[in-house]
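The structure under discussion appears below in the form of structure tokens.
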Amino acid sequence: MDPEFGRGMAPRKRESWRTTLLLAYQSLGVVYGDLSISPLYVYKSTFAEDITHSETNEEILGVLSFVFWTLTLIPLIKYVSIVLRADDNGEGGTFALYSLICRHANVSLLPNRQVADEELSTYKLEYPPEVANRSRIKEWLEKHKTLQTALLIMVMIGTCMVIGDGVLTPAISVFSAVSGLELSLSRDQHEYAVIPITCVILVFLFALQHYGTHRVGFLFAPIVLAWLICMSVLGLYNIIHWNPQVYRALNPYYMFKFLRKTKKSGWMSLGGILLCMTGSEAMFADLGHFSYSAIQLAFTTLVYPALILGYMGQAAYLSKHHTLNSTYQIGYYISVPESVRWPVLVLAILASVVGSQAIISGTFSIINQSQSLSCFPRVKVVHTSENIHGQIYIPEINWLLMVLCIAVTVGFRDTKHMGNASGLAVITVMLVTTCLTALVIMLCWHRSPALALVFFLFFGSIEALYFSASLIKFREGAWLPIMLALILMAVMFIWHHTTIKKYEFDLHNKVTLEWLLALGDKLGMVRVPGIGLVYTDLTSGVPANFSRFVTNLPAFHRVLVFVCVKSVPVPHVLPAERYLVGRVGPAGHRSYRCIVRYGYRDVHQDVDSFEAELVESLATFIKLDALYRCSDAGSGSEQLDDGRYERENALTVIGTNPLRRCLSYEASHDGVSSVDAARSPNGTVEVPAAAAAAAPVTKKVRFVVEAASPEAEKGVVEELQELCEAREAGTAFILGHSHVQTKPGSSLLKKLAVGVGYNFLRRNCRGPDVVLRVPPASLLEVGMVYVL
């Protein structure tokens, strides 16, 4: 348990240029795989049906102008210059923005929030609450629960579209790469070769997921780097050899000429052009694995120039070739010299696999975050690397994605429909990011609402234009991400809504502390050896599942611990701040409360290390609690005996830093908490929270408490001995096995959503014992019926 605390608390140092270069190189394989392979299908999707390539070249030059300015305004200016700065302790993505907003405004719908959570080191605010100005937007959001629900639904929509992109991107990327065979095979051979080869590659890709990205990750960056260099060289060759004047298309006037000539068809073709931005969101989503400077450096110096050269090279070739065979359409490989076509084909397939790997890993990550915020049913999460944080594998989701990817490939069988579907998913996520970033500018950065409005209107109008062009393709493939989003939205909203209602039911039906204390006086109630861990979502009171347990089985363990495993709106919780421990009743009752806090990107511990840390945290708390009582007695306050000593609402941070261990959070009846510093026996006061957080502790220290009196020392030794004996006797995990039913007279929609939908998900998804990694031999389940 005693890791070096100071390392986690030290301020982030400025990266050296060597570290930045190394991270920028590594980011190529993880962040830019998807974005770098977009030239394979952008022109092909754009010219699929809506517009044709004419002798005047107005279409191809107009499309190139759109591609250039789209890449410049969205990935380069919006993401690299603005959105990447809206990080949450170095983490990025949809949930990072939502987490930032929830910390700066009381808009979170998550249950069991505590004021003590605001003392976490990672719970940083841009400005202290007393300094920050109250804005009308913030008051408006905090006042109306409907707006808070709408905000959560918007985040869910973005999440669903990211998952939908996880289905569509591997399909279109691999299919577009393999379709290069059409130039080397006859039409009949091409039809019977491309689809099977694509499906085989997809099966192989998903079958390798359980090995983890880190095992083959060292190959990713060289592949993408080689692909970007190859694309740049081919682009320069085509520009010099075919049309050096193609640079004129960078003039935005060509966009207006394009729309003036093509009119509605040109507007509809924007659904293909927007695919050049595919993968831009990954720059923000994967920010936590790298750094702002590394991602910025890689994009501005390598990825962005390579993409522009690649698109310009294709346009230069097409501007001199107007009699292309309609069977081949306007693909990337038509502009590749025949002498190097096969090596480029192999490299493109490898790059498409890398790009698909990035979006698959991102899908796993965002589902894990949704699950931690009670917005997704419980699934098994496997951590594939002990050294690299955040690399996870979700078996159920992996195989579901594989089946859907193959179904999309076999069902659509062309780039046009896949591009329409993928484009709608991509642009929807970007719209959600724009809306959330505008709120961050106002609520977190405390900038003028006018500045946030300018940001929203400028980038939102560009994305809305592309969104409308994608939405009009509903019947040509855009229906798929909408259908997937509706299904996922229904699942996520039903699960989240019912989870909140179950928490409210538990809160309403919890039993009093007096009832728990009176159990010892009842006839037949016995305390058996061992530790009983009662899992509950409540942070105070005695849960109803425990009362049901002792009613049917009149016995409970000698040491009783009410455990609440909760998520807080921060990406990570330091190990030194993870546990909040307090008493439930007097010291002689040997009942405790332990609240275990995780961030939405944290790795949950295995049961052995969790049990060991929990017991050590209890032992540390027992020592600190004795000091607290002795210091109260020494300061002249009334000393309470064991029969009347009760601090059920007091929780102490127990961690590996001896300074932080002394902080107690006492919840008053109105929910407002205060921070007390426990005094040591010699009368000195320990360092307060801010100083403790900044204190440099660089070596392992085991906290030793010297009792103030022989009586106190004897009580501590007895309590610690009982805890040790209980640990040796064994630990039992007591969990509620819930069944949900609706109240009589509920609407048909509620009966279907809660009574049928939620219970179906609960029965067919992982149970809490699997998520908490409870050993079956130590599990005790208590049946609970929730009437909602």
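The values are calculated or read from the model by the stated rules, or taken from the named source; none is laboratory data. Please read all numbers here as calculations on a predicted model, not as lab measurements. So basically every Cβ, Gly included, is an ideal-geometry build from the backbone, and we count neighbours across all protein chains shown. For the accessible areas, the whole protein counts, side chains as well, though only heavy atoms, and no ligand, DNA or RNA atoms are used. Shrake-Rupley method; radii C 1.70, N 1.55, O 1.52, S 1.80 Å.
What shape does segment 472-623 take by its C-alpha gyration tensor, where a ≥ b ≥ c are the square roots of the eigenvalues and a/c under 1.5 counts as rounded, a/b above b/c as prolate, and the rest as oblate?
Taking the square roots of the gyration eigenvalues as a ≥ b ≥ c, segment 472-623 is prolate.
What accessible area per residue comes out for segment 454-509, rounded to a whole number of Å², with a 1.4 Å probe?
Values: 2750 Å² over 56 residues.
Counting only protein heavy atoms, the per-residue value for segment 454-509 is 49 Å².
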Additional length obtainable on full extension of the chain from Leu779 to Lys264, 0.36 nm per residue less Cα span
179.0 nm
I need the calculated FRET efficiency for the pair Val410 and Val382, taking r as the beta carbon distance and R₀ as 35 Å, to the nearest 0.05.
0.75
Students often get this wrong, so check it: of Lys257/Lys416; Lys380/Lys751; Lys124/Lys510, which have C-alpha atoms separated by over 26 Å?
Lys380/Lys751; Lys124/Lys510
Segment 480-547 to segment 91-116: how many Å between their Cα centroids?
22
I'd like the accessible area for Val429: 1.4 Å probe, protein heavy atoms, all chains in place, Å² to the nearest 10.
10
Under a straight-distance cross-link criterion of Cα-Cα below 18 Å, which lysines are reachable from Lys263, leaving out those fewer than 8 residues away in the same chain?
Lys473
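Would you please give the FRET efficiency between Leu752 and Leu21, computed as 1/(1 + (r/R0)^6) with r the Cβ-Cβ distance and R0 = 41 Å, to the nearest 0.05?
Once rounded, the FRET efficiency stands at 0.15.
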Segment Val717-Glu514, extension gain: residue separation times 0.36 nm, minus the distance between their alpha carbons
70.4 nm
Using a basic spin-label model with each label point 7 Å from the Cα along Cα→Cβ, how many nm lie between Arg136 and Leu451?
1.9
Listed residues Cys724, Cys444 arranged by accessible area, highest first, probe 1.4 Å:
Cys724, Cys444
In terms of solvent-accessible area of protein heavy atoms at a 1.4 angstrom probe, what is the ranking of Leu451, Leu23, Leu71, highest value first?
Leu451, Leu23, Leu71
Rounded to the nearest 0.05, what FRET efficiency is calculated for Cys724 and Leu553 with R0 set to 30 Å and r the Cβ-Cβ distance?
0.75
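What is the packing order of peptides 173-179, 337-343, 291-297, taking the mean over residues of other C-beta atoms within 10 Å and listing the highest first?
Highest mean packing first, the order is 173-179, 291-297, 337-343.
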Extending each Cα 7 Å along its Cβ direction at Lys501 and Val340, get the distance between those two points in nm, one decimal.
6.2
Restricting to lysines and to Cα separations under 24 Å from Lys750, and discarding same-chain partners fewer than 8 apart, the set is Lys145, Lys501, Lys502
State, to one decimal in nm, how far the label point of Lys145 lies from the label point of Ser184, with both points 7 Å from Cα in the Cβ direction.
6.3
Using a 1.4 Å probe on heavy atoms of the protein chains only, the accessible area for Lys750 in Å², nearest 10, reads 70
